[in-house]
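K.L.:
Submitted below is the structure of interest, expressed as structure tokens.
The values are calculated or read from the model by the stated rules, or taken from the named source; none is laboratory data. Just so it is clear, the structure is predicted and the values come from calculations on it, not from any experiment. With ideal geometry, Cβ positions are generated from the backbone for all residues, glycine too; neighbour counts draw on all protein chains shown. Side chains included, ligands, DNA and RNA excluded: accessible areas come from the protein's heavy atoms. Shrake-Rupley method; radii C 1.70, N 1.55, O 1.52, S 1.80 Å.
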There are 2 protein chains.
Amino acid sequence: MRTLYHFPLHPASRQARIALAEKKLKIKEEIIDPWQPSEAFTELTAESVPPVLIDIIPGGTVTISGVRAITEYANDGSTRHPLLAEDVFERAEARRIAAWFDTRFTDEVDAYILSEKVEKTIMGGASADPAVLREGREHLQFHLGYLSWLLEQRDWLAGRKYSLGDVAAAAHISVLDFLGEVKWRDWPDLKEWYQKIKSRPAMRGVINDRVAGFRAPRHYTDLDF
Amino acid sequence: MRTLYHFPLHPASRQARIALAEKKLKIKEEIIDPWQPSEAFTELTAESVPPVLIDIIPGGTVTISGVRAITEYANDGSTRHPLLAEDVFERAEARRIAAWFDTRFTDEVDAYILSEKVEKTIMGGASADPAVLREGREHLQFHLGYLSWLLEQRDWLAGRKYSLGDVAAAAHISVLDFLGEVKWRDWPDLKEWYQKIKSRPAMRGVINDRVAGFRAPRHYTDLDF
């Protein structure tokens, strides 16, 4: 039995959950607060941050740490329900987009909006700084425009097949949607993509997330928003 | 013919060069200054930073952007000279270590030492700040200790096989060695690993790098340092 240590409003953790669910891998979920992880958790890995997957195999346990290792591991296990296309260039594009979210989107959007709206709420400290939120929202407009431009030309973000690029985008966008940060009427191509994403069974877990201190907008769980 | 846009003292660019060389893929190299990229280069990709690989295929050109996409693409092309083990857990460990370098080592070491010693020299601005360098060197000690601990137990960083984890480490460590930042006598396990790394033909390119404004220590090019 595999155990995934994750935090519901953490995009990297969500990527791990979505990828494992797409591959129909059964896991037990354990929630970890990334800002105040328990000592028992930090001793599991050098990284000390979720997501971390513990797998029990003949002879012992294996620890797989981090979004990149876990999502590729999920895909490596079998050829069923692939998360990367067979075409090497489309595979490369999927990994480029996943890296775009793991670095650039994280630095330019999450570091502003999630740090203000999630971290401050969880830590019980100061209220969100409107100037920081405004800057994060400006960056978010740029990113949603870029994703929309890609989706004007493609079925899925990396090309013709659903991929780890879509997993990464679904994870980040769904957290922002939970926080009411996406004005869907401004982004019809992206909305169409997100409707397809939300209807995938692998999204059920994150769509049903409830987090103390937060109330998602009503459309968050609505597949036909 | 493939063209790789890179910068010699940029660890992500070096990873791309090493991975492509390990797979015996012939490329033409074009040097890009990551801090002052040309407009012609920034128009190639949304990322606007090296490494970027342009591949000419029947019907057009393909752009592969970023260290993660390029290194996995290099490995995906053939099963010869593999950069990931067959074992799924060792593959996961290789990707964990590559991510460790791409995020944590970059943030905790490169952001201090390379920003002070490389970026400031290239940009022709202020001289290096000793306090920032000191902090980066303290972080580097922690990281070299962690890598040494892994290598006490393993042949290569991710386990029994040379992998993308070693490629990532070789790229970052070789840039720091070029700058004279690694005190090899303090790290015998790591030194033994780096001697094996340096003797690989795929390292010849980065070992022969010459960069205007910099003089590498004499041992940098010495395989038996």
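K.L.:
Can you name the residue in region B:60-78 that is at pLDDT below 95 and open to solvent by 40 Å² or more (accessible area, probe 1.4 Å) and is also nearest to the other protein chains (Cβ to nearest Cβ) among such residues?
P.N.:
The selected residue is B:Gly77.
K.L.:
Taking into account only those residues within region B:1-26 that are among the small types (Gly, Ala, Ser) and open to solvent by 10 Å² or more (accessible area, probe 1.4 Å), which is nearest to the chain's Cα centre (by Cα)?
P.N.:
Within region B:1-26, the first condition is being among the small types (Gly, Ala, Ser), and the residues that meet it are B:12-13, B:16, B:19, B:21.
With open to solvent by 10 Å² or more (accessible area, probe 1.4 Å) added as a condition, the list becomes B:12, B:21.
Values: B:Ala12: 5, B:Ala21: 12 Å.
Top of the filtered list is B:Ala12.
K.L.:
Let me ask something else about it. Only residues that are in contact with a helix residue (DSSP H, G or I) (Cβ under 8 Å, 6 or more places away or on another chain), more than 14 Å from chain A (Cβ to nearest Cβ), of a type outside the set (Ser, Thr, Tyr) and open to solvent by 40 Å² or more (accessible area, probe 1.4 Å): list them for region B:86-127, please.
P.N.:
B:Lys117, B:Ala126
K.L.:
Return yes or no: is A:Trp156 farther than 19 Å from A:Thr71 by Cα and at pLDDT 95 or above? Quick ask: steps written out before the conclusion?
P.N.:
Numbers: farther than 19 Å from A:Thr71 by Cα: no; at pLDDT 95 or above: yes.
Considered against the rule, which asks whether it is farther than 19 Å from A:Thr71 by Cα and at pLDDT 95 or above, A:Trp156 comes out as no.
K.L.:
Still on this structure, please answer the following. Looking at (1) in contact (Cβ under 8 Å) with a residue 24 or more places away in the chain; (2) more than 8 Å from chain A (Cβ to nearest Cβ); (3) part of a strand (DSSP E or B), find the lone condition where B:Asp55 falls short.
P.N.:
Failed condition: (2).
K.L.:
List, please: which pairs have Cβ atoms under 6 Å, are six or more places apart or on different chains, and start with a residue in region A:203-225 that is part of a loop (DSSP other than H, G, I, E, B) and end with one that is open to solvent by 40 Å² or more (accessible area, probe 1.4 Å)?
P.N.:
Close Cβ pairs (under 6 Å, with a partner that is open to solvent by 40 Å² or more (accessible area, probe 1.4 Å)) amount to A:Gly213/A:Thr121; A:Pro217/A:Gly180; A:Leu223/A:Ser199; A:Phe225/A:His219.
K.L.:
To continue, here is another question. In the list A:Glu119, A:Glu108, which residue meets the criterion of being over 17 Å from A:Ala19 (Cβ atoms) and modelled with pLDDT of 95 or more? Talk me through it step by step, then tell me what you get.
P.N.:
Numbers: A:Glu119 fails: modelled with pLDDT of 95 or more.
Of the residues listed, the single one that is over 17 Å from A:Ala19 (Cβ atoms) and modelled with pLDDT of 95 or more is A:Glu108.
K.L.:
Additional query: It is to be established whether one or more residues within region A:172-181 are among the charged types (D, E, K, R), open to solvent by less than 70 Å² (accessible area, probe 1.4 Å), in contact with a Pro (Cβ under 9 Å, 6 or more places away or on another chain) and modelled with pLDDT of 95 or more. Full working, then the answer.
P.N.:
Here is the first cut: in region A:172-181, the residues among the charged types (D, E, K, R) are A:177, A:181.
Applying the additional criterion that residues be open to solvent by less than 70 Å² (accessible area, probe 1.4 Å) yields A:177, A:181.
Those left that are additionally in contact with a Pro (Cβ under 9 Å, 6 or more places away or on another chain): A:177.
Add one more test, that the residue is modelled with pLDDT of 95 or more, and what stays is A:177.
Yes: one or more hits.
K.L.:
Check whether at least one residue in region B:38-50 is over 27 Å from B:Trp156 (Cα atoms), within 15 Å of the chain's Cα centre (by Cα), outside any helix (DSSP H, G or I) and within 13 Å of chain A (Cβ to nearest Cβ), and report yes or no.
P.N.:
Yes, because at least one residue in region B:38-50 is over 27 Å from B:Trp156 (Cα atoms), within 15 Å of the chain's Cα centre (by Cα), outside any helix (DSSP H, G or I) and within 13 Å of chain A (Cβ to nearest Cβ).
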